[in-house]
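Colleague: Quick one: the structure is below, and I'll ask about it shortly.
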Amino acid sequence: MNQYQIAIDGPAASGKSTVAKLVAKKLGACYVNTGSMYRAVALAALNAGINPASEPDKIAASLASWNIESVPDGEGSTSVVLNGVPIPAAALRTPEVSNAASDVAKIPAVRAYMLELQRACRSLGLIIMEGRDIGTVVLPDATAKFFVTASPEERARRRLAQTGEVAEGATLASVAAEIARRDFQDSHRAIAPLKPAEDAETIVTDGMTPEQVADRIITTFEQKRK
Ligand code: DC
């Protein structure tokens, strides 16, 4: 079993998902998006009429009844399954779910649940795991760790270009404000805040193509696994 792992963390809309998928494709590895798992909890909460910002106890109490799994999709990636039914990717990416995901990610019981789910993905072999706390908490012994980021303007531009992920009538300024609010919340929470691991390589992707970022990650990974 190939037990190498690449950890990629970074703020919202930094381009890390695009890059992580590309790295996985080039290496024939399995891509694991941990944000989707938090988004699944957020969606389950919203569907149950629970307010993720003001009712954390209800979410903690309901967690055991929401059976969330991350399963290989047969195409080099994993998809999130809620109570036996795969969740369509688009349902996880709406602005409402994005905000609710950042709220549920603050809840200690949710993070404990996720830690187990995410560490279990090590059994998939060579994995490229992407999130906010992968290098710091989930996979502290990962073979190579990266913090992928970009300037706030660049990130707002990228997010605005992703149809379905922004509210109707969104502008560059409103998207930038929304990203900044979520980043602040993600990096200031008590447990597992967004931050680079001490041994992570930071890549600022302004002016770089996904291909260039992926190649840089692969070069470092190949050196580290020798
Ligand atoms: O990467 P994303 O935008 O899909 O993540 C959605 C939310 O989930 C994000 O606001 C923070 C949270 N998250 C987290 O706290 N830890 C992770 N490892 C991944 C995501």
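We did not get these values from a lab; they are worked out from the coordinates using the rules stated. It should be emphasised that the depicted structure is a prediction, and the values quoted were computed from it without experimental measurement. With ideal geometry, Cβ positions are generated from the backbone for all residues, glycine too; neighbour counts draw on all protein chains shown.
Colleague: Using a cut-off of 13 Å between beta-carbons, work out the net charge of the residues near VAL138 (Lys and Arg +1, Asp and Glu -1, VAL138 not included).
Modeller: 0
Colleague: Could you tally the net charge around ALA40, taking each other residue with its Cβ under 13 Å from the Cβ of ALA40, Lys/Arg +1 and Asp/Glu -1?
Modeller: +1
Colleague: Now for a different question. To check you understand DSSP bridge types, tell me what percent of the beta bridges within the chain (both residues inside) are antiparallel, rounded to 5.
Modeller: DSSP beta bridges in the chain are roughly 30 percent antiparallel.
Colleague: If you don't mind, another one. So what is the relative contact order of region 1-140, in percent, for Cα pairs below 8 Å that sit 6 or more residues apart?
Modeller: Reported as a whole number, the value is 45 percent.
Colleague: Excluding the sites themselves, what is the longest stretch of the chain that contains no GluC sites (Glu not before Pro) in a DSSP loop with at most 13 other C-beta atoms within 10 Å?
Modeller: Between the exposed loop sites, the longest stretch runs 76-167.
Colleague: Return the whole-Å distance between the Cα centroid of region 56-116 and the Cα centroid of region 153-194.
Modeller: The distance from the Cα centre of region 56-116 to that of region 153-194 comes to 19 Å.
Colleague: Let me ask you something else. Which number do you get for Rg(Cα) / (2.2 N^0.38 Å) in the chain?
Modeller: For the chain, the normalised Cα radius of gyration comes out at 0.96.
Colleague: While we're on this one: Check GLU201: other-chain or 5+ apart residues with amide H under 5 Å from its amide H, H built from backbone geometry?
Modeller: LYS145, PHE146, PHE147
Colleague: Quick one: of LYS25/LYS106; LYS21/LYS58; LYS58/LYS195, which pairs are farther than 30 Å apart, Cα to Cα?
Modeller: LYS25/LYS106; LYS21/LYS58
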